[in-house]
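Notes to accompany the following structure.
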Amino acid sequence: AFGAFCKKVIFTNEKKIIVKGLNKKSSYSSVYYEGLAIKFMYNKFPDIFPKVYYLNQKMVVMEYIEHNNIRNKNSNREFAQILSSIHKIKNKKCGFDFDTPIGGMRQPSQFSNSWIDFYSNSRLLVVYEKINSLNPMPKEINIKIEKLIKNIKNFIPNSINPSLIHGDLWSGNILFKNGKLTGLIDPGIYYAHNELELAYLTWFKYVNKNFLDIYNEYIPIEKEFFEYQEIYQLYYSLLNVLLWDRNYILDVNKLIGKFI
């Protein structure tokens, strides 16, 4: 997305690396900030995140992580354990030191004391306004989204203890090899409500109740999570409208329908 490329390079000695770069000039270098995010995570979890070999404004060169997407009966436990260990890294405020990308798009991450303000203004509104500046969604859906954002304090918790999240945990970024979790890639990190990440995982059905029960052993999940998870899924659904497929507008409408 947004004019970037990604290539696997195999050397004659069989060593493999990943090269990501920009195809065109941009005011925001998504590959540079992704590289910074990977370096940050590698320093904390060197067994899970790739090592960055080279980074500049136009390119990131990093380790290739072997994977075959084969999971086994222990995979839920291992994934829950590693994810919760990421989420146990806390910060006083929501946001991050720099704006991390998702799908090549800049995510404004200026620190905020309020989770409601951060999620409304720096996540939902940003992508909502970007969609409508390029190709507006139907008016009746826009009215519902604006109403939801205006009343969001009635639906999601504000008094959270911000957790470090990966930020873009879909199946393509979660790497297993022969049942073992070998890597998490393409992070769009920031400090947020950890349940935003869980909502994304449940939205595209990557995890089941068994996984959530195991995760709950490490970090308790709010009883109300299943009441408001669709509001967290809305961000990722809007991103898909913007970055990949306008058909997700139907999904956006369905997610809002529970509240408005």
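Points worth noting:
- Meets criteria (within 18 Å of the chain's Cα centre (by Cα) and open to solvent by 10 Å² or more (accessible area, probe 1.4 Å)) for residue 191: yes
- Filtering the stretch 163-173 to residues that are out of contact with any helix residue (DSSP H, G or I) (no Cβ under 7 Å at 6 or more places or on another chain) and open to solvent by less than 10 Å² (accessible area, probe 1.4 Å) leaves 167, 173.
- Listed by first and then second residue, the pairs linking a residue in the stretch 132-161 that is open to solvent by less than 50 Å² (accessible area, probe 1.4 Å) to a residue that is acidic (Asp, Glu), with Cβ atoms under 8 Å apart and 6 or more places separating them unless they lie on different chains, are 157/222; 157/224.
- Scan of the stretch 1-25 for residues that are modelled with pLDDT under 85 and open to solvent by 70 Å² or more (accessible area, probe 1.4 Å), ordered by number: 2, 14, 23, 24, 25
- Which listed residue, of 200, 235, 206, is in a helix (DSSP H, G or I) and either over 15 Å from residue 87 (Cα atoms) or among the polar types (S, T, N, Q) (or both): 235
- Reported count of residues in the stretch 27-43, each being more than 17 Å from residue 16 (Cβ to Cβ), open to solvent by less than 90 Å² (accessible area, probe 1.4 Å) and not aromatic (Phe, Trp, Tyr), is 8.
- For the condition in a helix (DSSP H, G or I), open to solvent by 10 Å² or more (accessible area, probe 1.4 Å) and either free of Cβ contacts under 8 Å to residues at least 40 places away in the same chain or within 18 Å of residue 73 (Cα to Cα) (or both), residue 182 does not qualify.
- Residue match in the stretch 50-59 (condition: open to solvent by 40 Å² or more (accessible area, probe 1.4 Å) and under 30 Å from residue 159 (Cα atoms)): no
- Residue in the stretch 225-237 that is of a type in the set (D, E, K, R) and out of contact with any Pro (no Cβ under 7 Å at 6 or more places or on another chain) present: yes
- Scanning the stretch 92-105 for residues that are surrounded by fewer than 20 Cβ atoms within 10 Å (Cβ to Cβ) and at pLDDT 95 or above yields a total of 5.
- In the stretch 195-216, the count of residues that are open to solvent by 30 Å² or more (accessible area, probe 1.4 Å), within 20 Å of residue 90 (Cα to Cα) and free of Cβ contacts under 8 Å to residues at least 60 places away in the same chain is one or more.
- Selection of the stretch 5-48 for residues being aromatic (Phe, Trp, Tyr), in a helix (DSSP H, G or I) and without any contact (Cβ under 8 Å) to a residue 60 or more places away in the chain yields 32, 42.
- Every pair of residues 6+ apart whose Cβ atoms lie under 6 Å, when the first sits in the stretch 64-91 and is touching a residue at least 24 places away in the same chain (Cβ under 8 Å) and open to solvent by less than 40 Å² (accessible area, probe 1.4 Å) while the second is aliphatic (A, V, I, L, M) and in a helix (DSSP H, G or I): 76/214; 80/214
The values are calculated or read from the model by the stated rules, or taken from the named source; none is laboratory data. Just so you know, these numbers come straight off a predicted model, no measurement behind them. Note that each Cβ is placed from the backbone with ideal geometry, even for glycine, and that neighbours are counted across all protein chains shown. These accessible areas exclude ligands, DNA and RNA; they are computed on the full protein's heavy atoms, side chains included. Shrake-Rupley method; radii C 1.70, N 1.55, O 1.52, S 1.80 Å.
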